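Here the structure is laid out as structure tokens; the discussion comes afterwards.
The values are calculated or read from the model by the stated rules, or taken from the named source; none is laboratory data. What you see is a predicted model; the values in this text were computed from it and never measured. Cβ: placed from backbone, ideal geometry, glycine included. Neighbour counts: every protein chain shown.
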Amino acid sequence: MLASLYPACMVAVTNEEKRRLLRSSALFQDLGEAELDAIASTTRLSSLNAREELFHRGDPGSQLYVIVRGRLKVLTTSVSGDEIVFNILGRGEVLGELAVLNGTPRTATVKAIDVSELLSLHQREIGR
């Protein structure tokens with residue numbers, strides 16, 4: 001579902017910026033520098049085009065994401081097919097962690113509002 005790993009619009013994200021983004025999350029804020037460095041080094045940068053879906057409600061969840069740039073909406077679809085938006089997320093916010101930490105399917109659908117860049121972190125890297 002991700003558009004591309006390295007489209008022309010993406011800029012490099014330094015390890016320092018990765019650490020700063022990770023530390024801004026309650027999930028990672030208590031980690032030491034060595035732990036943050038280890039996690040930051042395993043993240044992958046990816047992008048989404050506007051209106052592109054990151055994941056769909058019910059999908060298995062093996063990755064969590066930190067927003068580097070752009071905005072994403074967390075939503076579900078009503079019985080009549082209308083979008084019901086739960087939240088709008090932006091830079092530094094983490095998403096997808098519930099499915100990763102609990103081993104459950106995705107609880108909502110997430111779509112990009114704008115062209116967005118994300119750091120992704122696989123479930124196996126969190127338990128290191």
* Structure fact -> Taking the range 13-45 and keeping only residues that are out of contact with any helix residue (DSSP H, G or I) (no Cβ under 7 Å at 6 or more places or on another chain), among the charged types (D, E, K, R) and either outside any helix (DSSP H, G or I) or under 14 Å from Ile67 (Cα atoms) (or both), one is left with Glu17, Arg20, Asp30, Arg44
* Would you call Leu48 farther than 21 Å from Arg19 by Cβ, within 14 Å of the chain's Cα centre (by Cα) and either crowded, with 20+ Cβ neighbours inside 10 Å or modelled with pLDDT of 95 or more (or both)? -> yes
* Asked: Is at least one residue of the range 64-78 crowded, with 20+ Cβ neighbours inside 10 Å, in contact with a Lys or Arg (Cβ under 9 Å, 6 or more places away or on another chain) and part of a loop (DSSP other than H, G, I, E, B)?
  -> no
* Structure fact -> Selection from the range 79-112 of residues surrounded by 13 or more Cβ atoms within 10 Å (Cβ to Cβ), farther than 14 Å from Leu54 by Cα and charged (D, E, K, R) yields Arg91, Glu93
* May I ask you to list pairs of residues, at least six apart or on different chains, whose Cβ atoms are under 7 Å apart, with the first in the range 19-41 being surrounded by fewer than 18 Cβ atoms within 10 Å (Cβ to Cβ) and the second being in a loop (DSSP other than H, G, I, E, B) and of a type outside the set (A, V, I, L, M)? => Arg23/Gln29; Ser24/Gly92; Ala38/Arg128
* To do: Could you look through the range 85-128, keep only residues that are among the β-branched types (Val, Ile, Thr) and at pLDDT below 95, and pick out the one that is nearest to the chain's Cα centre (by Cα)?
  => Val94
